[in-house]
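Engineer: Sending over a structure as structure tokens; questions will come in a sec.
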Amino acid sequence: MSAPFASLSRPQDIIDYEGIDREIAFLKKAAGKDIYAERSAICRLLKTAVVDGRAAIAERLAQKPRQGRLTALSYAYLTDQIIKLAFHWLVDDSEKAENLVLMAVGGYGRGEMALHSDVDLAFLSARVPNKKQKSLIESLISLLWDLGLRVSQSHRSLGDLVKMAKKDITIRTAVLEGRYLVGDHSLFEEASSRFIKKVVAGSGRAFVAAKLQEWDTRHHTRGDSRYLVEPHLKEGKGGLRDLQSLFWIAKYLYLEEEAKHNHLSVPILNDYALIKADLIPSHEAKRFRRCENFLWAVRCHLHILVNRPEERLNFDVQRNLAERMGYQAKGGKSAVERFMHHYFLVTKMVGNLAALFIDALKENHYLKTRLWGSSSAREIEGFSVEQGQIIVTDDDFFRQNPSKLIILFTVAHRHKLGIHPLTMRQAGRDAILIDEELRNNPECNAAFTAIFASSRNPAPILKAMNNTGVLGRFIPDFGRIVAQMQFDMYHHYTVDEHAIRAIDLLARVEQGEMAEDYPLGVTLFKQIDAHRALCIAVFLHDIAKGRNGDHSLLGAEIANRLCPRLGLTPAETELVVWLIKNHLLMSHTAFQRDLADVKTITDFSNEVKSPERLRLLFLLTLADITAVGPNVWNSWKNQLLTALFDACSQCLQQGPMRGGSERQERIENQQKHVREILEWNNQDSEYLLKRLPDDYWFSERSDVIVENIRQMAATDKAQKSISVKGKEMPAYDATMISLYAIDHPGFFYRIAGAIHATGGTILDARIHTTRDGMAMDNLLVQHTQGGIIKTGEHLNRMMQAIEDAATSHIRTSNKLAALRPPLFWRGDAFHVEPSVFIDNQASDRFTVIEVNAQDRPALLHDLGCALFNARLTISSAHIATYGERAVDVFYVSDLLAHKITNQNRLKAIEKRLLAAAERANSK
């Protein structure tokens, strides 16, 4: 057996080459001169061999689910035998194969394939092929496609191969992995010799630069993080392509060195090249193999599972992959979370290998080193510094003084220094020296907290500490969340990556870099006193994720133990504990409660208690939401949080509203302001103003009130019974739909259905009834994919659908039943257990109902219909979505405008809403 496949055991169980070869000879003889019958019979034979061979490989993988490298080799071996059998059958005379060789290139050339990998083939001829050779190539490719192989082929002369490999880095890389399959072996040897002599020799530096540029571009394209919760297995950061790139570079440099000694042999096919090129020590090569084996196991399982060429670990496959690979739930983590935790640890290891590898390239002068400062060596706080990097040359440096493991990073942060990759590797190796005594060392704790107290961004140095494992050893509770994914569609990153990204964002807001996106945040940073406490609270806010229980409460307990150790004062500790305990309070209130309800603001203010806490909580909330993932923070959330901040600030300064007289005074002030804007005569304005109920004046902003009154006046003047207006609201990244019509029961759910049926989703709804029985409703609406619904055809179609639904001209039930989730929706990979919470304390005038359910089109319509059937009136609705989870909150009353207090009725309402939410899961 050839060298790449020497490690395979019992390859004849995958495919019996000799037996099939004899069967081909028999079929050929039996067919006589009927070439079509012969081809058909041999095609069936080889197709059966492909199917049986793949089944045998899948069975081996099922028995040993983590043998990725052997599985990849097995697929390549099977493909080799099929191609050789087909080639030998087609070659009926020596002239066809003379001066023609067939090579495996790319991943197939490396001997690495999954079930649906491309079969990369290169036909090489000594000169322009004759008609017989062209016919042979066409017949072989046609047959391979008929066998179900995904063939990608090229055909070049020897001269063209060398010429094109010089010009095109992709072709050069493919040839670099060329492996002889069948045909003229002497031609293959000649091609290898010329490739090394004329292409590789003397071009190592240029090849390295090109491959590292590809590396950077690929990471940027795929999202420059190895901790994306739906990672790309092949092209993502820390994935297979990164390992392959290291191998390509090492192999190329190895061949370049061999060329100097006129050694022009066939390229090495394994990670021996990494060691031989003196780019990585042998013990690191073992880590390379472990990473490669795991990633290939995942890829092979993935291809079998989805039965197509798929490389992204989407949510809908992660659970099944975890099961196939033998992971089980343990320690509060589900099987899928443990599987993805292992995956992220492997990608982290790949990143560490890459850092060592690139440093070795610098040492061997294949890369120009970046000069951070003076090139002369110097000493800073007990550390040697060369070219702007801290470098430790003594192998026992950290063993002699383990506290230096913490101080190393503080010094680098304080003096804007890099840390040499070998020093990082040494710190990672010696992180095990961090014990309880060192964790309680006041000098080490002071050094660590100094990172947060600095005016510089702490995130890069925290990331470096995390990559070495020092951070997790120094703060074991943080170590528990390293590489921990959250199996939902809302969070884009692992928990540790999220925490460090939140710190990074907070620092950039503080430095004024993001004034356009976070104007209030930039302003508030100039007013806070507890800077260090805020940074540490942001760093620790999710430290209890993945444990059984409320992570906010558990995290507060951890912070209460940890902060004194870190050297925080009792006052700072109390503040950090409060912030972590309540880090979801502001977003929960802003997104899931009615900010126009006075009690909402009063209750929130009673929890916050002080302007400083309010400022800190706003900044923590801002950092937390933004660090969840791209585009999670938006104008709508910014407006809600800003409105809550302003209302709470006013309440803390002036105190809560006191009695009916103050309430009436606020209404009169709002009405006076509206009169001034309208500039109408008193008779016209007073008639309209008196029609609007008192609650309306607290719920709406003055600019919305003015638009509503103008709409009411114009509709009444035209003697129309209904009016629907749409207006873009860029500040909210949404469109305001205002509906004025004769009110009747079930109004809200019909409107919601019309909006859903025409491609919209409701963010917020304010539902009012005038004193003379007209509905004046304001709804903030976005496109189902997010963003403003622009003025034009879509908005006009939506407004017409609302008018039709409001006047009962057209029922939307059938349209809603036919709705499908948005393109690329993967919510079906999750199960959200519906729940209903009814609160009679959150509002003085309304019963507040919160429904948690699996998100889907028209969920709000079904919930609204359930409330209508329960004979409830909706005052306002507030909709929040967190990936696959929807949280819809309704402020309701009975038909007499009273709260619902009867327990039997409350249970009946809960039952109706659960039934409506369950329909979401069934659909």
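Engineer: Any residue at all in region 118-140 that's among the hydrophobic types (A, V, I, L, M, F, W, C), more than 14 Å from Leu181 (Cβ to Cβ), at pLDDT 90 or above and open to solvent by less than 20 Å² (accessible area, probe 1.4 Å)?
Structural biologist: The answer is no; no qualifying residue exists.
Engineer: In region 755-798, what count of residues is obtained for those that are closer than 23 Å to Ser875 by Cβ and of a type in the set (A, V, I, L, M)? Break it down stepwise before answering.
Structural biologist: Keep residues of region 755-798 that are closer than 23 Å to Ser875 by Cβ, which gives 755-756, 760-782.
This time we only want the ones that are of a type in the set (A, V, I, L, M), so: 755, 762-763, 765, 767, 774-776, 779-781.
Total meeting the criteria: 11.
Engineer: Only one residue in Lys672, Lys720 is over 24 Å from Ser876 (Cα atoms), open to solvent by 70 Å² or more (accessible area, probe 1.4 Å), in a helix (DSSP H, G or I) and not small (Gly, Ala, Ser). Which one? Lay out the reasoning, then the answer.
Structural biologist: On the way: Lys720 fails: in a helix (DSSP H, G or I).
That would be Lys672, the only listed residue that is over 24 Å from Ser876 (Cα atoms), open to solvent by 70 Å² or more (accessible area, probe 1.4 Å), in a helix (DSSP H, G or I) and not small (Gly, Ala, Ser).
Okay, residues lined up against (1) open to solvent by 10 Å² or more (accessible area, probe 1.4 Å); (2) over 23 Å from Leu345 (Cβ atoms):
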position: Ile419; (1), (2): yes, no
position: Arg429; (1), (2): yes, no
position: Glu436; (1), (2): yes, yes
position: Arg439; (1), (2): yes, no
position: Ile451; (1), (2): no, yes
position: Ser455; (1), (2): yes, yes
position: Pro458; (1), (2): no, yes
position: Thr468; (1), (2): yes, no
position: Arg480; (1), (2): yes, no
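Engineer: Hey, another quick one. How many residues are touching a residue at least 24 places away in the same chain (Cβ under 8 Å) and open to solvent by 20 Å² or more (accessible area, probe 1.4 Å) when one looks only at region 552-572?
Structural biologist: Initially, region 552-572 is screened for residues touching a residue at least 24 places away in the same chain (Cβ under 8 Å), giving 552-553, 555-556, 558, 562-563, 565-568, 572.
After this cut, where a residue has to be open to solvent by 20 Å² or more (accessible area, probe 1.4 Å) as well, the list is 553, 565, 567, 572.
Adding up the residues that qualify gives 4.
Engineer: When Glu516 is evaluated against the numbered criteria (1) in contact with an Asp or Glu (Cβ under 6 Å, 6 or more places away or on another chain); (2) in a loop (DSSP other than H, G, I, E, B), which criterion, by number, is the only one it fails?
Structural biologist: For Glu516, the exception is condition (1).
Engineer: Here are some residues: Thr735, Thr761, Thr769, Thr784. Which one is of a type in the set (Ser, Thr, Tyr), over 23 Å from Val892 (Cα atoms) and modelled with pLDDT under 90?
Structural biologist: On the way: Thr735 fails: modelled with pLDDT under 90; Thr761 fails: over 23 Å from Val892 (Cα atoms); Thr769 fails: over 23 Å from Val892 (Cα atoms).
Within the list Thr735, Thr761, Thr769, Thr784, the selection yields Thr784.
Engineer: What is the one condition in (1) touching a strand residue (DSSP E or B) at 6+ places or on another chain (Cβ under 9 Å); (2) crowded, with 21+ Cβ neighbours inside 10 Å that Asp862 does not satisfy?
Structural biologist: (1)
Engineer: So which residues in region 403-416 are of a type outside the set (Ser, Thr, Tyr) and either part of a helix (DSSP H, G or I) or crowded, with 21+ Cβ neighbours inside 10 Å (or both), if there are any at all?
Structural biologist: Taking region 403-416 and keeping what is of a type outside the set (Ser, Thr, Tyr), we get 404-409, 411-416.
The answer is Lys404, Leu405, Ile406, Ile407, Leu408, Phe409, Val411, Ala412, His413, Arg414.
Engineer: Hey, another quick one. Assess whether Glu700 counts as being of a type in the set (D, E, K, R), open to solvent by less than 30 Å² (accessible area, probe 1.4 Å) and within 49 Å of the chain's Cα centre (by Cα).
Structural biologist: yes
Engineer: Can you find a residue in region 615-635 that is surrounded by fewer than 20 Cβ atoms within 10 Å (Cβ to Cβ), in a helix (DSSP H, G or I) and not β-branched (Val, Ile, Thr)?
Structural biologist: Yes: one or more hits.
Engineer: Determine, yes or no, whether Gln153 is surrounded by fewer than 18 Cβ atoms within 10 Å (Cβ to Cβ) and assigned by the TED database to the domain that holds Leu140.
Structural biologist: yes
Engineer: Counting residues that are closer than 24 Å to Ala647 by Cα, which helices (runs of 4 or more DSSP H) fully inside region 527-609 reach at least 1?
Structural biologist: Working: elements: 531-540, 551-566, 570-581, 585-592, 598-608.
Those helices (runs of 4 or more DSSP H) span 531-540, 570-581, 585-592, 598-608.
Engineer: Still on this structure, I have one more. In the list Glu190, Glu214, which residue meets the criterion of being open to solvent by 70 Å² or more (accessible area, probe 1.4 Å) and touching a residue at least 24 places away in the same chain (Cβ under 8 Å)?
Structural biologist: On the way: Glu214 fails: open to solvent by 70 Å² or more (accessible area, probe 1.4 Å).
Testing whether each residue is open to solvent by 70 Å² or more (accessible area, probe 1.4 Å) and touching a residue at least 24 places away in the same chain (Cβ under 8 Å) leaves just Glu190.
Engineer: Of the conditions (1) open to solvent by 40 Å² or more (accessible area, probe 1.4 Å); (2) modelled with pLDDT under 95, Pro476 clears all except one; give me its number.
Structural biologist: Of (1) open to solvent by 40 Å² or more (accessible area, probe 1.4 Å); (2) modelled with pLDDT under 95, only one is false for Pro476: (2).
Engineer: Which members of region 422-438 meet the condition of being in a helix (DSSP H, G or I) and of a type in the set (Asp, Glu)? Don't jump to the end; show me each part of the working.
Structural biologist: So in region 422-438, the residues in a helix (DSSP H, G or I) come out as 422-433, 436-438.
Those that are in a helix (DSSP H, G or I) and of a type in the set (Asp, Glu): Asp430, Glu436, Glu437.
Engineer: Does region 485-514 hold any residues that are open to solvent by less than 10 Å² (accessible area, probe 1.4 Å), in contact (Cβ under 8 Å) with a residue 60 or more places away in the chain and out of contact with any Leu (no Cβ under 9 Å at 6 or more places or on another chain), and which are they?
Structural biologist: Within region 485-514, Met485, His498 meet the criteria.
Engineer: For residues in region 813-851 being modelled with pLDDT of 60 or more and of a type in the set (S, T, N, Q), which is farthest from Ala754 (Cα to Cα)?
Structural biologist: Taking region 813-851 first, the residues modelled with pLDDT of 60 or more are 830-851.
Checking the rest, the ones that are also of a type in the set (S, T, N, Q) come to 835, 840-841, 843, 847.
Numbers: Ser835: 26, Asn840: 31, Gln841: 33, Ser843: 29, Thr847: 26 Å.
Here the residue is Gln841.
Engineer: Just a yes or no: is a residue in region 444-466 in contact with a His (Cβ under 6 Å, 6 or more places away or on another chain) and part of a loop (DSSP other than H, G, I, E, B)?
Structural biologist: If we filter region 444-466 for residues that are in contact with a His (Cβ under 6 Å, 6 or more places away or on another chain), which is where we start, we get 451, 461.
Adding the requirement that they be part of a loop (DSSP other than H, G, I, E, B) leaves none.
Looking for residues that are in contact with a His (Cβ under 6 Å, 6 or more places away or on another chain) and part of a loop (DSSP other than H, G, I, E, B), one finds none in region 444-466, hence no.
Engineer: Only one of Thr715, Thr621 is β-branched (Val, Ile, Thr) and within 29 Å of Ile742 (Cβ to Cβ); which? If you could, list the steps in order and put the result at the bottom.
Structural biologist: Values: Thr621 fails: within 29 Å of Ile742 (Cβ to Cβ).
Among Thr715, Thr621, only Thr715 is β-branched (Val, Ile, Thr) and within 29 Å of Ile742 (Cβ to Cβ).
Engineer: Then there is this: Among the residues in region 545-556, are any in contact with a strand residue (DSSP E or B) (Cβ under 8 Å, 6 or more places away or on another chain) and over 18 Å from Ser610 (Cα atoms)? Break it down into steps so the answer makes sense when it comes.
Structural biologist: Of all residues in region 545-556, those in contact with a strand residue (DSSP E or B) (Cβ under 8 Å, 6 or more places away or on another chain) come to 546.
Narrowing the set further to residues that are over 18 Å from Ser610 (Cα atoms) leaves 546.
The answer is yes, given that some residue of region 545-556 is in contact with a strand residue (DSSP E or B) (Cβ under 8 Å, 6 or more places away or on another chain) and over 18 Å from Ser610 (Cα atoms).
Engineer: Quick check on my filter: what residues within region 9-50 are open to solvent by 40 Å² or more (accessible area, probe 1.4 Å), within 20 Å of Ile141 (Cα to Cα), without any contact (Cβ under 8 Å) to a residue 12 or more places away in the chain and not small (Gly, Ala, Ser)?
Structural biologist: Hits for region 9-50 are Ile35, Tyr36, Arg44, Thr48.
The values are calculated or read from the model by the stated rules, or taken from the named source; none is laboratory data. Worth saying up front: this structure is predicted, and the values here are computed from it rather than measured. Glycine also receives a Cβ, built like all others from the backbone with ideal geometry; neighbour counts cover every protein chain displayed. Ligands, DNA and RNA are excluded from the accessible area calculation, which covers all protein heavy atoms including side chains. Shrake-Rupley method; radii C 1.70, N 1.55, O 1.52, S 1.80 Å.
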